[in-house]
Every structure is written in structure tokens, then in C-alpha cells.
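K.L.:
First, the structure itself, so that you have it in front of you.
The values are calculated or read from the model by the stated rules, or taken from the named source; none is laboratory data. Not measured: the values here are computed from a predicted model. In this analysis, Cβ positions are derived from the backbone assuming ideal geometry, glycine residues included, and neighbour counts consider all displayed protein chains. When the accessible area is computed, the model is the full protein with side chains, heavy atoms only, and any ligands, DNA or RNA have been set aside. Shrake-Rupley method; radii C 1.70, N 1.55, O 1.52, S 1.80 Å.
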Amino acid sequence: MAPEEAEAELRKILADQLLPLQGDGNALFEKFREIASMRSDCGSFQAGGDLGQFGRGQMQAPFEEASFALGVGEMTQEPVLTDSGWHLLMRIE
């Protein structure tokens, strides 16, 4: 899939399925896990998108900046672009 198509698809998922659930933390978390399990291109799909804990300097800069800007239970409001592709992020701890 071309990067522009991947971004458009991710924005649609965000707008149609995730953003409407904001304010209902458990429903948002479960939907995020469901989507990540089906859509993630990395091994994290097996864990519902959970990458585990990581510190600064361990991820690509845009991913790290977006991750550490989130509060617990928050999700990025826009897709994040890294050299690995497009991402939606949700902080759970």
C-alpha cells in the first residue's frame, strides 16, 4: 500500500472508529487493541499493539515525541509518521 493510502486509511479509522470513543477509556482501549491486532504491520499486533515499556532514545524521534506527549489513557489525535510508516499511539501506563 502506498504511504498516502496508508495515511488516508489510518485517518479514516481514527475518525470513524476511535475518536468517537474518547471519554470512554475502556471502550477506546478495547477498540484500539482490536484494530491494532488486525492492522499493525509489526510484531505488536500479537499483543493488541502493545509495545511494552520503553524509554527515551529507544524509538524513532517522531514516535518518541508523540508517545511522551501523551498522558495515561490518551491517544494521538493524528497519525504519526516515522521511517517505519504511519502509527496511532495510545498510552496505557
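K.L.:
Condition (residue is open to solvent by 70 Å² or more (accessible area, probe 1.4 Å) and at pLDDT 90 or above) applied to the stretch 35-52: is it met by at least one residue?
P.N.:
No, because not a single residue in the stretch 35-52 is open to solvent by 70 Å² or more (accessible area, probe 1.4 Å) and at pLDDT 90 or above.
K.L.:
Which one of these is in a strand (DSSP E or B) and surrounded by 15 or more Cβ atoms within 10 Å (Cβ to Cβ): Leu81, Leu10, Leu14, Leu18?
P.N.:
Sole residue among the options that is in a strand (DSSP E or B) and surrounded by 15 or more Cβ atoms within 10 Å (Cβ to Cβ): Leu81.
K.L.:
Please go through the stretch 67-78 and pick out each residue that is open to solvent by less than 60 Å² (accessible area, probe 1.4 Å) and more than 10 Å from the chain's Cα centre (by Cα). Don't jump to the end; show me each part of the working.
P.N.:
Keep residues of the stretch 67-78 that are open to solvent by less than 60 Å² (accessible area, probe 1.4 Å), which gives 67, 70-71, 73, 75-76.
Matches in the stretch 67-78: Leu70, Gly71, Gly73.
K.L.:
Please go through the stretch 21-34 and pick out each residue that is in contact (Cβ under 8 Å) with a residue 24 or more places away in the chain and assigned to a helix (DSSP H, G or I).
P.N.:
Matches in the stretch 21-34: Gly25, Leu28, Phe29, Phe32.
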